[in-house]
1. List pairs: first residue in the range 93-110 and within 16 Å of L3 (Cβ to Cβ), second residue of a type in the set (K, R) anywhere in the structure, Cβ distance under 8 angstrom, at least six positions apart or on different chains.
2. Report, by residue number, each residue of the range 54-64 that is surrounded by fewer than 12 Cβ atoms within 10 Å (Cβ to Cβ) and either more than 18 Å from G15 (Cβ to Cβ) or not charged (D, E, K, R) (or both).
3. Checking E29 against (1) under 18 Å from L3 (Cβ atoms); (2) out of contact with any strand residue (DSSP E or B) (no Cβ under 6 Å at 6 or more places or on another chain), which test does it fail?
4. I need the full set of residues from the range 26-42 which are surrounded by fewer than 12 Cβ atoms within 10 Å (Cβ to Cβ) and either touching a residue at least 12 places away in the same chain (Cβ under 8 Å) or closer than 20 Å to N88 by Cα (or both), in order please.
5. For residues in the range 82-123 being over 12 Å from the mean Cα position of the chain (by Cα) and under 12 Å from Y62 (Cβ atoms), which is modelled with the highest pLDDT?
6. Regarding F80, is this residue without any contact (Cβ under 8 Å) to a residue 40 or more places away in the chain, of a type in the set (F, W, Y) and crowded, with 16+ Cβ neighbours inside 10 Å?
7. Applying the selection to the range 1-32, what residues are under 15 Å from K79 (Cβ atoms), of a type in the set (G, A, S) and assigned to a loop (DSSP other than H, G, I, E, B)?
8. I'd like to verify a number: residues in the range 69-99 that are part of a loop (DSSP other than H, G, I, E, B) and touching a Leu at 6+ places or on another chain (Cβ under 9 Å), how many?
Amino acid sequence: MLLVPSRVAPSAIQGLGLFATDAVAEGTEVWRFAPGFDLLIPLEAVAGLPAAYRAYLDTYAYPSEAFPGRLVVSCDHAKFMNHSPDPNVVGRDLSSFASRPIAAGEELTCDYRVVCSGWTGFD
């Protein structure tokens, strides 16, 4: 669950991104896993889901060391946070924090290699 005001807008990084609408101080908690709000999808259930939902999960869900055998799906705009090798949001598993001051209008980014178990993507 996002804990700072934000909006979704076109991103220079990838498609749509998540942008701070207000300045965020260094150390501010930006996101926290919220049971009952964020979803956990058992990996064994994915194959039986409709193709359209599997495609959605391919884009917006991620494996986390905190929840072995399950995918995490953020059920708010947090799912639009893009990857950066030099992120301004850091954390692991259950909470993420601003790693430096973030200006209003700045894109919020995280390092998928830290957040997503086994991610080997872009860089």
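The values are calculated or read from the model by the stated rules, or taken from the named source; none is laboratory data. Please read these numbers as outputs of a predicted model, since none were measured by experiment. All Cβ positions, glycine included, derive from the backbone under ideal geometry; neighbour counts span all protein chains shown.
1. Sorted first by the residue in the range 93-110, then by its partner, the pairs are L94/R32; S95/R32; S96/R32.
2. A55, T59
3. (2)
4. E26, G27, F37, P42, listed by residue number.
5. Step by step, filter the range 82-123, then rank; the result is G118.
6. Considered against the rule, which asks whether it is without any contact (Cβ under 8 Å) to a residue 40 or more places away in the chain, of a type in the set (F, W, Y) and crowded, with 16+ Cβ neighbours inside 10 Å, F80 comes out as no.
7. The answer is S11, G15.
8. Total satisfying the criteria: 7.
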